[in-house]
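Heads up: the structure comes next, in C-alpha cells.
The values are calculated or read from the model by the stated rules, or taken from the named source; none is laboratory data. These figures come from a predicted structure and were not determined experimentally. Cβ placement follows ideal geometry from the backbone for every residue including glycine, while neighbour counts extend to all protein chains displayed.
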Amino acid sequence: MELLDNPIQEYAWGSHTVLAGFLGRPAPTERPQAELWIGAHPAAPSRLRSGRPLGDLIAADPDAALGPDSVAAFGPRLPFLLKVLAVAEPLSLQVHPDREQAERGFAAETAPAGDPARNYKDDWPKPEILCALTEFRALCGLRDPRESAELLAPIAALRPVVDLLAAGDLRSAVEKLLTWPSPKDVVTEAGAVAPEPYASLAASHPGDMGVIVAMLLNEVRLLPGQALYVPPGRPHAYLSGTGVELMAGSDNVLRAGLTPKHVDVPELLSVASFEPSPPGVVEPERRPGEDVYVTPAPEFRLSRLDAGQRPVLTAAGPQLLLCADGGVRLRRGDRELELHRGDAVFAGHGGGPIELTGSGTVFRASLPAGG
C-alpha cells in the first residue's frame, strides 16, 4: 500500500472552496479547482510520498502491481482513473468514445499533442460513473424525441427540428442544430421561453447551439449516495454538485457545445449514440460493509466502504482507496496506514487482504471481478 499525493486540475467550471475544504487546505483558492485526479494517467499522475510517479511504480513490475489478469486484459497500465469533481458551473455537453472508436480516432489523429483541435488524446474508451457526495444535477441521455419536440415547439425558428423530432429522427435533429447557420438569435429566443436549467444555460452561453441540444437530454438529480453511469456514446453534461467519479483511464472528450473549446461536429456525430435512453441512475447493491455500484464497464468497479463495519478487502488486482470522510485505518500484513478525508492509497495486486477499521467512508476503485 502506498499513500499518494494527487494533482488538482484547474478548470473554469470548478469551485474555489470545495476541493480545498475536502483536502483540509485554505480556501477560497485563487483559481477555480475542478478535479482531483487519483491514478496513473500520464497527463496528471499521482505520486508516491517519495515523489515517484505512480506510473513508474507500475511500469517497474506490472504483474506485481496490477496482477497478471489485469495486464492480460488491459496491458501494463492502471485501467481506471478516480476523481473528485467540484462542479460550480456547467461542464461542456459531451460524449466519450468506445474502444473501437478510440483506437480508430487515435490512429487517424493528425493534430499535434496539446493542440486544442485534437479530439483523441489516447486510444482508450471512457465509460464513467459518478457517485454524488452532495445533491448533483446533470443532463444525461437523449429523451423520447416526442417530449423534446414538445419542449422545442414554442421556439418558432426551430420548426424544422421539431418536425424531425416528431418523426423520431434524433440524429438528423442534432446534426441540424449543430450546423445551424445563425445560432445567436435562436438561442436568445430559446432562453426567453425555455424552463430551467436551459434558460440559465442560454444566458451563460449566448449563441451556443449546445443549449438547444441540451434540451433533448434527460434531466437528472442525484441524492448523496446515488450514482450516474455514462457509457460510451451517451451525451451528457454535469451541471452542479460534488461527486466521486471513476472512469476508464482515458481523457478522450468530444464536445457538442456549452463551451468555447473545439467542437468537431462530424466526429461527434460518428461517436454519439442517438438512441433514446434513460439517464442511467445506479443505486448501490448493499453488501456487508460495502455498497457496490454495478455497471457493465470491464475497466472498473466503484464501491463505497463503511470502515465501522470492519470490512476486509480480498480482491485481486489493483485498487485505489479514497477516504471521503472521517478517519480510517488500513492494515495489510505488517503495514498500517491512517487516512483522513482527502487521503488516497494505491494497493497493488500482491500483499494479501486489506482490513479497514475506524469510523469513516472510503471509496474503492477496483476491477469488476474483485470482491
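Filtering segment 259-297 to residues that are under 13 Å from Tyr229 (Cα atoms) and not aliphatic (A, V, I, L, M) leaves Ser277, Pro278, Pro279, Gly280, Glu283, Pro284, Tyr293, Thr295, Pro296. Every condition in (1) under 22 Å from Gly249 (Cα atoms); (2) acidic (Asp, Glu); (3) surrounded by fewer than 17 Cβ atoms within 10 Å (Cβ to Cβ) holds for Asp334 except the one numbered (1). Of the helices (runs of 4 or more DSSP H) lying entirely inside segment 172-264, the ones with 1 or more residues being free of Cβ contacts under 8 Å to residues at least 12 places away in the same chain and under 27 Å from Glu35 (Cα atoms) are found at 198-204.
Note on segment 265-288: residues that are in a loop (DSSP other than H, G, I, E, B) and either more than 18 Å from the chain's Cα centre (by Cα) or over 28 Å from Ala107 (Cβ atoms) (or both) amount to 10. Taken as a whole, the condition of being out of contact with any Gly (no Cβ under 9 Å at 6 or more places or on another chain) and among the acidic types (Asp, Glu) does not apply to Glu89. The helices (runs of 4 or more DSSP H) found wholly in segment 82-170 and carrying at least 3 residues that are of a type in the set (Gly, Ala, Ser) occupy 99-108.
Quick check, is Glu89 of a type in the set (Asp, Glu) and either more than 28 Å from Val18 (Cα to Cα) or buried (at least 23 other Cβ atoms within 10 Å of the Cβ) (or both)?
no
Residues in segment 1-56 that are over 21 Å from Ala324 (Cα atoms) and either in a strand (DSSP E or B) or of a type in the set (Ser, Thr, Tyr) (or both): Tyr11, Ser50, Pro53. Looking at the structure I just gave you, is Gly308 in contact with a strand residue (DSSP E or B) (Cβ under 8 Å, 6 or more places away or on another chain) and assigned to a loop (DSSP other than H, G, I, E, B)? No.
Please determine whether any residue of segment 229-237 is of a type in the set (Lys, Arg) and either touching a strand residue (DSSP E or B) at 6+ places or on another chain (Cβ under 9 Å) or surrounded by 23 or more Cβ atoms within 10 Å (Cβ to Cβ) (or both). Spell out how you get there, then give the answer.
First, the residues of segment 229-237 that are of a type in the set (Lys, Arg): 234.
Keeping just the survivors that are either touching a strand residue (DSSP E or B) at 6+ places or on another chain (Cβ under 9 Å) or surrounded by 23 or more Cβ atoms within 10 Å (Cβ to Cβ) (or both) gives 234.
Looking for residues that are of a type in the set (Lys, Arg) and either touching a strand residue (DSSP E or B) at 6+ places or on another chain (Cβ under 9 Å) or surrounded by 23 or more Cβ atoms within 10 Å (Cβ to Cβ) (or both), one finds at least one in segment 229-237, hence yes.
For segment 257-276, how many residues are hydroxyl-bearing (Ser, Thr, Tyr) and surrounded by fewer than 18 Cβ atoms within 10 Å (Cβ to Cβ)?
2
When segment 338-362 is filtered for residues that are within 26 Å of Ala20 (Cβ to Cβ), at pLDDT below 95 and surrounded by fewer than 19 Cβ atoms within 10 Å (Cβ to Cβ), only Ser359 remains. For segment 315-360, give me each residue that is in contact (Cβ under 8 Å) with a residue 40 or more places away in the chain and over 21 Å from Ser50 (Cα atoms). The answer is Ala315, Ala316, Gly317, Ala324, Pro353, Ile354, Glu355, Leu356, Thr357, Gly358, Ser359, Gly360.
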